[in-house]
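Everything on this sheet refers to the single structure shown next.
Just so you know, all these numbers are worked out from the coordinates, no wet-lab data involved. Values in this document were obtained by computation on a predicted structure and should not be read as measured data. We place every Cβ from the backbone using ideal geometry, glycine too, and count neighbours over all the protein chains shown.
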Amino acid sequence: MKIDDKNNAESSFNVVDIEEGFKILTYQNETDSVEKTQRDIHRNFIQFHFCVKGSAKFNFNEGRYALNLADEKALLLYNPTQELPLNVEVSSKSWLVSVFVSIKKFHGLFSEEANYIDFLKEDNRDKKYYQELNISPSMAVVLSQILNFNLHPSVKKIYLKGKAYELIGLYFNRPEEADVEQCPFLVDEDNVRRIRKAKEIILNRMAEPPSLQELSDEIGLSLKKLKEGFKEIYGDTVFGFLFDYKMDYARKLLETGQHNVNEVGLRVGYSTASHFIAAFKKKFGTTPKKYIQSVNLT
């Protein structure tokens, strides 16, 4: 694995060649100006771009065409008929993670499920593909770990490789976009509306969320339908989804440097610091204090 680093006090640019046909680029621009970078990317590579914070602009055809990527958005690009060199402008105070995977490598990852991915279907293999999605809470956790890992050099290779695979898996784990024929629950638009309302309720009251029965009563849906529908639409249980959201929200609060650990714990519903620290470590593999230290080192 080759690592190409360029760091200064206010920004860092890293390129990691994980293995043949697979690389990660990270850019953390903490300056007050736009930072630009260009790299040649062969047309047989699928590009995944994740704007973790701030915004970025991707330029094509020598600047004649551009795509803007906003905060907490992900962009997939693939064009087997035309080169798509990386020409990106990372805005001030913005973080970007990009993953490049050769189509050969990608087919190897999804060989048995190729028809699940639109542009891997036989009819689409020679067509260009563009998709913009929201970064899910689970993806945000992995992106944060990629940007802020503080491990011994001997384990960095396997750690980043694992996180890159995990990130791609989560990118395509989109049960909310599943085929209606495969998810009969999604046929009933009223059910979907009620489930989305349930999500809004638990996120708005994350410090003191209602019980499942209370939530069921509030949205007017049976407990069974609430559990099954939430899992189909969001890919997780109600409280599993809420836990991921709370931890991601806590992570962002800690990164601002404006709140101590106790304050952040209270904001996300933990009455004692020890319970919050245990929950945070369960999700991120490190304590809030050590996480803040790792962020400050970047």
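If r is the Cβ-Cβ distance from residue 237 to residue 266 and R0 is 35 Å, what FRET efficiency results, to the nearest 0.05?
Between residue 237 and residue 266 the formula returns 0.90.
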Legend entry - the stretch 1-102: translational diffusion in µm²/s, Stokes-Einstein, Kirkwood Rh over Cα pairs, 37 °C, 0.692 mPa s: 239 µm²/s
Inset, instruction - Using every Cα-Cα pair within the stretch 188-228, state what percent have a distance larger than 12 Å. - result: 53 percent
Inset, instruction - Please sort 143-149, 37-43, 75-81, 227-233 by packing, taking for each peptide the average over its residues of neighbouring beta carbons within 10 angstrom, highest first. - result: 143-149, 227-233, 75-81, 37-43
